[in-house]
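Here the structure comes first, spelled out in structure tokens, and everything after it is commentary.
The values are calculated or read from the model by the stated rules, or taken from the named source; none is laboratory data. From a predicted model like this one, the values you see are computed outputs, not experimental measurements. Note that each Cβ is placed from the backbone with ideal geometry, even for glycine, and that neighbours are counted across all protein chains shown.
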Amino acid sequence: MEINPPCVVALTWTLKDSLGDTLDALGEPVEFLVGGHDLLPAIETALRGHEAGAALDLNLEPEAAFGDFDDQLVFLAPRGQLPEGIEEGMLLEASALPPDVVAGAPKDAILTITELYPEHAVLDGNHPLAGISLRLHLKVAAVREATEEEMESGSAGTGFFRLQPMAPGSDQLH
């Protein structure tokens, strides 16, 4: 079956930065909806027309991946107005914080706690891969038709580095 939306692809990959450092490796196939919001548009475009067994090497500049780093999305927040038990690396929803804590942040922003100090925390609304050129080697393990449920939800259940907020004490980044 040829990859054309809507369909589901099972992929493995190695993701590196422009210096060749491995950022992520997906050894076992994971399913993604093509034609939904699981994959970056540049990845979907590259996959179209290929079949199971295809291997692709993609070079994604920031504008085709997670955008340029925006220093206007970095905020200092009073530690006393943040949830207890926070740690560096945790993700918080801007909408769950008092409005004056991150004034100027988009309400749907996911903020990464990048630094903690006794009186304040540095919160970054950029995707952790923003501003980074990515090199992606991927293999198509399988292709199948998307189910109606997947098409309605716009996802096969996994997103390409989709960020999800976590509760204090969780060890998952996304």
- Residue check, residue 102 against (1) touching a helix residue (DSSP H, G or I) at 6+ places or on another chain (Cβ under 7 Å); (2) closer than 29 Å to residue 14 by Cβ; (3) not assigned by TED's automatic domain parsing to the domain that holds residue 26, all met but one. Which one? (2)
- Note on the structure: Over segment 85-114, the set of residues β-branched (Val, Ile, Thr) and in contact (Cβ under 8 Å) with a residue 60 or more places away in the chain is 86
- Query: residue 150 versus (1) modelled with pLDDT of 90 or more; (2) more than 23 Å from residue 16 (Cα to Cα); (3) in a loop (DSSP other than H, G, I, E, B): which is the lone unmet condition?
  - Reply: (3)
- Note on the structure: Looking across segment 1-58 at residues that are in a strand (DSSP E or B) and of a type in the set (S, T, N, Q), the single one that is farthest from residue 154 (Cα to Cα) is 22
- Message: Which residue is surrounded by the most Cβ atoms within 10 Å (Cβ to Cβ), if the candidates are limited to segment 93-121 and must be under 21 Å from the mean Cα position of the chain (by Cα) and over 20 Å from residue 67 (Cα atoms)?
- Response: 95
- Message: With crowded, with 19+ Cβ neighbours inside 10 Å, of a type outside the set (Phe, Trp, Tyr), within 27 Å of residue 147 (Cβ to Cβ) and in contact (Cβ under 8 Å) with a residue 40 or more places away in the chain as the only criterion, which of 40, 56 stands out?
- Response: 40
- From the residues in segment 156-174 that are surrounded by 14 or more Cβ atoms within 10 Å (Cβ to Cβ) and either aliphatic (A, V, I, L, M) or over 25 Å from residue 68 (Cα atoms) (or both), which one is modelled with the lowest pLDDT? 166
